[in-house]
Structure formats: structure tokens, C-alpha cells
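Encoded as C-alpha cells, the structure appears first; notes follow it.
Derivation of every value follows stated rules applied to the coordinates shown; laboratory data play no part. Please read these numbers as outputs of a predicted model, since none were measured by experiment. All Cβ positions, even for glycine, are placed from backbone atoms using ideal geometry, and neighbour counts span all protein chains on display.
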Amino acid sequence: MVDEQVSLRDYVDSRFTSVEQATRVAMDANNYRLEEMNQFRKQLESERSTYVTRNEIDLMNKDKRADIALLLAIAGFIVGLAGLLLRL
């Protein structure tokens, strides 16, 4: 085995360089992750702008509810009329 002597300064410099490189890699990975998250948020925001609001749905269904109420009234009248005719 060869015992290689390294000065304290060289050792500290090499460790410092290693830490700087690891920090750079971690920062790049974090920046990439944050960029992807921002793109996802933008996509969600874009999709949300196409959603129909509750007020729009209520307006669209207002006429349908009135039509259903009218049909139920007519059906009730027909059932009542049929009941009267069956008693004759």
C-alpha cells in the first residue's frame, strides 16, 4: 500500500470543489423541478379558464327546469283525466 501524503490545503480545496459541484447539480435539479411545477400550474390555469361556471350552468338549466315542471303538470293532468275516464 502506498501512503500518499496530501496537504491540508489540497484536501480542503478538493472537498470544497466537490461540495460546489454537488451544490450546482442540486440547484440545477431543483430549478428544473420548479420550472416543471410552474408549467403544470400554467396548464391548470389554462384549463380552468375553459370550465363552465355554476352561474352559466344555472342559466342553461333554468329553461330545462321550467320545461320539466310543465311536463310534470301535464302528466299529472293526464293521469287525473285517465282516472276520471276509468271511473265512467
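Do the sum for the chain: with -39,500 (n - 2.57) for every DSSP H run of n ≥ 4, divided by all residues, what is the mean residue ellipticity at 222 nm, to the nearest 500 deg cm²/dmol?
-31500 deg cm²/dmol
Rank S49, S18, V79 by how far each Cα sits towards the positive end of the charge dipole of the chain (+1 on Lys, Arg Cβ; -1 on Asp, Glu Cβ) and give me just the farthest.
Of the candidates, V79 comes out farthest on the positive side.
Cβ under 12 Å from D58's Cβ, D58 left aside: what net charge do those residues give with Lys, Arg +1 and Asp, Glu -1?
+2
So how tilted is helix 54-87 from the main axis of the chain? Cα-based, degrees 0 to 90, rounded to 10.
Tilt relative to the chain: about 30 degrees.
Among residues other than L71 whose Cβ falls under 12 Å from its Cβ, what is the net charge (Lys/Arg +1, Asp/Glu -1)?
The answer is +1.
Give me the extension gain from M27 to N61: residue separation times 0.36 nm, minus the current Cα-Cα distance, reported in nm with one decimal.
7.0 nm
Let me spell out the model: positive unit charges on the Cβ of Lys and Arg, negative unit charges on the Cβ of Asp and Glu, origin at the Cα centre of the chain. What dipole size does that give, in debye rounded to 20?
1020
I'd like to compare 74-83, 47-56: which one has the highest average count of other Cβ atoms within 10 Å, and what's the full order after that?
Descending packing order for the listed peptides: 74-83, 47-56.
Taking each pair of different alpha-carbon atoms in the chain once, compute 1/r for the pair, average those values, and report the inverse of that mean as the Kirkwood hydrodynamic radius in Å to one decimal.
Kirkwood hydrodynamic radius for the chain: 21.2 Å.
Would you mind checking the tilt of helix 8-48 against the longest principal axis of the Cα atoms of the chain, expressed as 0 to 90 degrees and rounded to 10?
On a 0 to 90 degree scale, this one is about 10.
Give me the one-decimal nm value for the distance between modelled label points at L86 and Q39, 7 Å along each residue's Cα-to-Cβ direction.
Each label point is offset 7 Å from its Cα along the Cβ direction, giving 6.7 nm.
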